[in-house]
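The values are calculated or read from the model by the stated rules, or taken from the named source; none is laboratory data. Note that the coordinates shown come from a computational prediction; the quantities given were computed from them, not determined experimentally. Every residue, glycine as well, gets a Cβ built from its backbone with ideal geometry; the counts of neighbours run over all protein chains shown.
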Amino acid sequence: MIIIAVANRLTAVDGRTGYVRWQVDLPVGDIGNVEVLMEGGYIFASPATDRVFAFNLRTGKKLWEKTTGSFGRATMMTDGERVYVLKGTRMVAFTHRGEIIWNSEVLSGQGPLSIVVGLGGRMRYRDEPVVFPEPTQQDEPME
């Protein structure tokens, strides 16, 4: 499945056929900037507002909607169990079902930021994905 985020609309396209499977409008107005993360059967989407949404990948049904306490463009990542959303200087960890595990001001007092975040071999830098191989035993830090 290919997910396209344009303005406030998510569109799911079948990668094999090009068929549009579903479309859903995010109830946030015409924001124009939505970060999307796919994990398993979920799509997580966060516009430049203080909200995060989860949708069923197959059907597009909204599963939950939460607030983060911070506005701005999101950087999202997952470790397979949790979804982490960084907006501005605040990071929130969610379960896939939308329960907030923690919500923390992780970068307070930093001033203007160029943020690099990474998790388990995946990293985003200036909104571009950077992929590293998973570490092997040979890659363990030396003491």
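Per-structure values
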| item | result |
| --- | --- |
| Pairs where the first residue, in region 52-74, is more than 17 Å from His96 (Cβ to Cβ) and free of Cβ contacts under 8 Å to residues at least 24 places away in the same chain and the second is assigned to a strand (DSSP E or B) and not polar (S, T, N, Q), C-beta under 8 Å, 6+ apart | Thr67/Arg51; Thr67/Val52; Ser70/Lys87; Ser70/Arg90; Phe71/Lys87 |
| Qualifying residues in region 58-86 (those that are surrounded by fewer than 17 Cβ atoms within 10 Å (Cβ to Cβ) and of a type in the set (Ser, Thr, Tyr)) - the one modelled with the lowest pLDDT | Thr67 |
| Answer residue from region 87-106, given it is part of a strand (DSSP E or B) and among the polar types (S, T, N, Q) and is surrounded by the most Cβ atoms within 10 Å (Cβ to Cβ) among those | Asn103 |
| Counted residues, region 10-47 - those being in a strand (DSSP E or B) and either acidic (Asp, Glu) or under 25 Å from Arg90 (Cα atoms) (or both) | 14 |
| Failed item in (1) within 23 Å of Val6 (Cβ to Cβ); (2) loosely packed, with under 13 Cβ neighbours inside 10 Å; (3) not β-branched (Val, Ile, Thr), with Phe55 passing the rest | (2) |
| Matching residues, region 1-15, being within 14 Å of Thr59 (Cβ to Cβ), among the aliphatic types (A, V, I, L, M) and touching a Phe, Trp or Tyr at 6+ places or on another chain (Cβ under 8 Å) | Leu10, Ala12 |
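Let's see how each residue does on (1) within 21 Å of Thr11 (Cα to Cα); (2) in a strand (DSSP E or B):
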{"position": "Thr59", "(1), (2)": "yes, no"}
{"position": "Trp64", "(1), (2)": "yes, yes"}
{"position": "Thr75", "(1), (2)": "yes, yes"}
{"position": "Val85", "(1), (2)": "no, yes"}
